[in-house]
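To start, the structure under review is shown below, and the notes come after it.
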Amino acid sequence: MVFASKDRAASPGTPGIRIAALASGTGTILEALLGAELPIVVVIVDRRCGAEKVAEQAGVPVVLNERTDFSKIFDRDSYTREIVEALDLHGVDVVVMAGFGTVLGAKVHERYAGRVLNTHPALLPAFKGWHAVEAAIEAGVKVTGCTVHLATLEVDDGPILAQEAVEVLDGDTVATLHERIKEVERRLYPATVRRFVESMQKELE
Ligand code: GRF
């Protein structure tokens, strides 16, 4: 486990607020969040992935809490407890999921109630789940998009904070459509997280 070595929390508009980003993928959404100079003090990954390198390049401490069990008997509660411990160790106020592949248990939502954000590559409540882009193509919809929402124990549920539509083009593959959605997410998610932490900061004042 790596500890915060550098305090990125002194961000204009949000002094004192500390964000943790959770990621599992290539890390392009994470890169956009970091590029927006949000006060991200730690990145937590559940596997070796591109996001880990993105964080390292930005000089942000990375915690690798490797998930080794992908079976039905995966001990989600214990895994979640470890994540909460890491969040607490870094004095985190807000958790932003940026393509995190493990569904976390109740403990994180109890500890950080109303302060866990997620971005999803579809217009919720349509196409919940990990294969949202594929499901949209299979359904033959002409418009899909992305949703930034507060995460709850129910997967891809919770109050919607922002949404934007993306047109499905003839001949789109999962890869081409997902990339156009991610272009929007890379703009919409950082802007929404900023709005969220700024309003949280105002409430603290
Ligand atoms: C994004 O589309 C996000 O909505 C989904 O996973 C993707 C992450 O992309 N949950 P990247 O790994 O950051 O490029």
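Throughout, read-outs are computed from the coordinates displayed, never taken from laboratory work. Given the structure is predicted, the values throughout are model-derived calculations rather than measurements. No Cβ is skipped: glycine too gets one built from the backbone with ideal geometry, and neighbour counts run over all protein chains shown.
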**Prompt:** Using 1/(1 + (r/R0)^6) with R0 = 30 angstrom and r between the beta carbons of GLU56 and ASP157, what's the FRET efficiency to the nearest 0.05?
**Reply:** 0.40
**Rounded to the nearest 20 debye, dipole of the chain from Cβ charges on Lys, Arg, Asp, Glu** = 260 debye
**Complete:** Per residue, the convex hull enclosing the alpha carbons of the chain has a volume in Å³ of 114 Å³
**Complete:** Listed residues VAL95, VAL193, VAL174; largest mean-square fluctuation, Gaussian network over the chain with Cα springs below 10 Å, found at VAL174
**Prompt:** Which helices of the chain meet both criteria: a Cα extent of 27 Å or more along the helical axis and a mean Kyte-Doolittle score no lower than -1.0, with helices taken as whole DSSP H segments?
**Reply:** 174-204
**Complete:** Mean separation of Cα contacts under 8 Å (at least 6 apart) over the residue count of the chain, i.e. the relative contact order in percent, is 19 percent
**Prompt:** Loop-only check: which GluC sites (Glu not before Pro) in the range 130-173 are DSSP coil with at most 14 other Cβ within 10 angstrom?
**Reply:** GLU154
